[in-house]
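The values are calculated or read from the model by the stated rules, or taken from the named source; none is laboratory data. Every value quoted in this text rests on a predicted model; they were computed, and no experiment measured them. Please note: Cβ atoms are built from the backbone with ideal geometry, for glycine as well, and neighbour counts cover all protein chains shown.
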Amino acid sequence: MELLEEKILKDGVIKSGNVLKVDSFLNHQIDVPFIAELGKEFKRQFADRPINKILTIEASGIGIASIAAMFFEVPVVFAKKSSGSNMDKDVYFTQIYSSTHSKNNDVVVSKKYLNKNDHVLIIDDFLANGCALEGLMDIVRQAGGIVEGIGVAIEKGFQGGGDKLRQMGVNLHSLAIIDKMDAVSGTIQFRKEN
């Protein structure tokens with residue numbers, strides 16, 4: 001999606017360790033009118049699927065998933081990274097490795113909010129190695145639901161997670177795929193076709 005690529009080039013900051021900061025518009029401060037355009041694009045890409053729930057993971061995915069849900073007119077369920085005192089005890093559970101924080105996270109979703117009748121679109125802000133998305137797919141499988149697709153704002157194509165998911169037959173659409181980025185020169189190379 002050219003609009004997102006332009007925004008990344010204008011406002012994104014490349015840091016060492018393959019980190020792309022887009023916190024000025026996507027995952028800290030949210031540029032709502034801009035993110036609404038991404039939500040419309042997800043609706044267009046998955047319009048033929050019978051989606052009745054959107055699933056994401058806290059915290060960065062919640063904003064984009066919520067805005068996309070407005071176009072699908074469905075609720076958002078977000079997987080919590082820990083089970084707090086206000087969380088139901090009857091949950092689906094998985095572990096997800098976070099390469100950003102170099103640790104495993106216990107992730108839960110209440111069984112009240114996902115079940116065998118659900119046709120789920122998983123949405124997240126980033127895709128690197130694919131661990132978070134595989135964990136969310138595992139939760140949907142535990143619920144007996146169907147993963148209709150995965151929508152990602154920014155895929156780091158050079159980290160291989162998206163290619164692995166596509167080889168598994170996952171209906172994955174990334175709005176921008178970065179094939180190369182260099183912190184020293186500040187350059188980003190996008191993949192032209194999804």
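Overview of values
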read-out: Residues of segment 29-68 satisfying the condition of being under 21 Å from Leu114 (Cβ atoms), without any contact (Cβ under 8 Å) to a residue 24 or more places away in the chain and not in a loop (DSSP other than H, G, I, E, B); value: Ile62, Ser66
read-out: Some residue of segment 78-91 being under 25 Å from Glu155 (Cβ atoms), at pLDDT below 95 and part of a helix (DSSP H, G or I); value: no
read-out: Residue check for Ile188: among the hydrophobic types (A, V, I, L, M, F, W, C) and in contact (Cβ under 8 Å) with a residue 60 or more places away in the chain; value: yes
read-out: Residue in segment 20-43 that is in contact with a Pro (Cβ under 7 Å, 6 or more places away or on another chain) and of a type outside the set (A, V, I, L, M) present; value: no
read-out: Residue in segment 142-162 that is among the charged types (D, E, K, R) and out of contact with any strand residue (DSSP E or B) (no Cβ under 8 Å at 6 or more places or on another chain) present; value: no
read-out: Segment 1-28 residues that are assigned to a loop (DSSP other than H, G, I, E, B), paired with ones that are of a type outside the set (Lys, Arg) and loosely packed, with under 14 Cβ neighbours inside 10 Å (beta carbon under 9 Å, 6 or more apart); value: Ser16/Val184; Val22/Val13; Val22/His28; Asp23/Val13; Asp23/Gln29; Ser24/Val13; Asn27/Ala59
read-out: Index of the failed condition, Ser82 passing every other in (1) under 19 Å from Met137 (Cα atoms); (2) small (Gly, Ala, Ser); (3) within 18 Å of the chain's Cα centre (by Cα); value: (3)
read-out: Yes/no for Ile122 being assigned to a strand (DSSP E or B) and modelled with pLDDT of 95 or more; value: yes
read-out: Residue that is surrounded by the fewest Cβ atoms within 10 Å (Cβ to Cβ), among those in segment 125-167 that are of a type in the set (Gly, Ala, Ser) and in a helix (DSSP H, G or I); value: Gly135
read-out: Lys180 part of a loop (DSSP other than H, G, I, E, B) and more than 19 Å from Ile54 (Cα to Cα); value: no
read-out: Filter result (touching an Asp or Glu at 6+ places or on another chain (Cβ under 9 Å) and under 20 Å from Arg191 (Cβ atoms)) within segment 131-155; value: Leu133, Ile150, Gly151, Val152, Ala153, Ile154
